[in-house]
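Following: one structure in structure tokens, then a few remarks.
The values are calculated or read from the model by the stated rules, or taken from the named source; none is laboratory data. None of the values given here were measured: they were computed from a predicted structure. Every residue, glycine as well, gets a Cβ built from its backbone with ideal geometry; the counts of neighbours run over all protein chains shown. When the accessible area is computed, the model is the full protein with side chains, heavy atoms only, and any ligands, DNA or RNA have been set aside. Shrake-Rupley method; radii C 1.70, N 1.55, O 1.52, S 1.80 Å.
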Amino acid sequence: MALGTTLTRFLIEEQRKYPGASGEFTSLLSGIATAGKVISREVNKAGLIDILGYKGKKNVHGEDVQKLDDYANAIFIQTLCHIGHLAGIASEEMEDIYHIPEDCPIGNYVFLMDPLDGSSNIDVNISIGSIFSIYRRESKGKKATMADFLQPGRKLVAAGYLIYGSSTMLVYSTGHGVHGFTLDPSIGEFILSHEKIQTPKQGKIYSINEAYRSNWTENIGAYVDAARKENKTARYVGSLVADFHRNLLKGGIFLYPADKKNPDGKLRLLYEAAPLAFIVEQAGGRASTGKIPLLDVIPEKIHHRVPLIIGSEEDVLMAEKCISKIDK
Ligand code: AHM
Ligand code: MG
């Protein structure tokens with residue numbers, strides 16, 4: 001692809017490769033990119049919190065100001081629901097499904113998101129992100145149904161994330177490889193910077209919150225000990241998008257397992273684990289619950305939690321082997 005390819009040009013050229021493509025993804029992804037730029041701008045101002053007033057407090061004008069994660073949620077909804085390709089939205093920030101208002105056209109897809117993942121890191125200038133995914137809806141009526149959302153990751157048609165770090169990036173896949181774009185703030189455009197990302201088959205990094213060791217089951221401890229014996233190095237930001245993105249590019253494994261305190265793990269299947277599992281598989285990596293492939297888990301409810309082991313293929317295979325040997 002030509003040097004300096006913008007996201008818009010890339011999307012148009014991808015669309016041309018698939019005759020019969022309706023252009024729906026092109027407009028959805030353009031909308032996601034626009035929402036990402038707005039959120040990125042607000043995240044960059046987070047250091048001014050005490051001056052401008054954020055976090056549900058009043059601003060200098062005495063007006064109520066939204067928390068940044070509620071703000072990100074609202075921006076995605078506002079940007080995407082008018083496009084006409086969605087029948088509903090589910091979000092980590094919303095208890096229930098959001099139905100597209102009646103004055104907007106209804107489409108064939110449902111959109112799921114964690115609008116601001118790792119938001120506890122905002123105040124300390126650490127990378128955070130937005131995670132999104134898209135399923136084709138199964139129902140035919142005017143409104144999306146719960147069944148449209150409760151689909152296994154295997155049925156995803158697109159997924160991706162935005163990372164608000166030292167640069168803002170958009171990384172996505174529609175099932176034809178994984179592509180990364182970096183925001184050039186001087187022109188306000190995402191520029192293709194990482195075409196056809198392939199994650200290394202094996203990495204040096206393992207990422208897990210080791211403070212929870214006393215809660216782990218024996219098998220997780222056994223894996224981490226084995227990883228340390230292989231001279232792997234520990235890296236844990238505590239912001240999933242940041243940990244995942246680093247490991248995707250450098251190679252490595254991220255684990256947020258079930259433990260004695262959280263028997264279902266912490267991370268959400270539909271908003272966090274399945275979209276990243278889709279991306280990692282497209283990049284040649286692997287994702288698992290420790291027992292079954294992550295993409296095969298059937299969600300029971302929209303806020304379903306799941307243990308997550310994700311990253312370089314060899315590393316995840318080794319973790320699965322340790323877990324199946326001593327399954328407690
Ligand atoms: P959140 O959705 O409330 O932001 O929680 C998800 C975050 C992930 O970004 C991160 O991987 C994980 O929680 C860190 O959890 P812990 O602090 O328990 O290690
Ligand atoms: Mg989250």
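General observations
- Principal-axis tilt of helix 7-17 within the chain, Cα atoms, nearest 10 degrees: 80 degrees
- Here r is the Cβ-Cβ distance between residue 136 and residue 234 and R0 is 51 Å; the resulting FRET efficiency, rounded to 0.05, is 0.80.
- For the chain, the longest principal axis of the C-alpha atoms and the axis of helix 218-229 are separated by about 90°.
- A 1.4 Å probe run over the chain, with the rest of the protein chains in place, finds 45 Å² accessible per residue.
- Folded to 0 to 90 degrees: helix 24-44 orientation relative to the chain principal axis, Cα: 80 degrees
- Net charge over other residues, Cβ less than 13 angstrom from the Cβ of residue 253 (K, R count +1; D, E count -1): +3
- The string of couplings for segment 259-273 from the Karplus curve (6.51, -1.76, 1.60, θ = phi - 60°) is 9, 5, 7, 10, x, 9, x, 10, 6, 8, 4, 7, 9, 10, 5 Hz, one whole number per residue in order, with x for Gly and Pro.
- The DSSP beta bridges internal to segment 192-328 are antiparallel in roughly 65% of cases.
- Ordering 270-278, 136-144, 105-113, 218-226 by mean Cβ neighbour count within 10 Å, with the highest value first, yields 270-278, 105-113, 218-226, 136-144.
- Measuring nothing but protein heavy atoms, the accessible surface of segment 7-194 at 1.4 Å probe radius is 51 percent carbon and sulfur.
- Label-reachable residues, segment 99-129, where backbone N falls under 11 Å from a point 7 Å from residue 22's Cα toward its Cβ: 106-110
- Value at 222 nm in deg cm²/dmol, rounded to 500, when DSSP H runs of n ≥ 4 in the chain each add -39,500 (n - 2.57): -9000 deg cm²/dmol
- Segment 7-194: C-alpha gyration tensor shape, a/c 1.5 cut-off, then a/b vs b/c: oblate
- Residue 38-residue 125 FRET efficiency (beta carbon distance; Förster radius 25 Å; 0.05 resolution): 0.80
- Once the chain from residue 102 to residue 195 is taken as fully extended at 0.36 nm per residue, the excess over their C-alpha distance is 29.6 nm.
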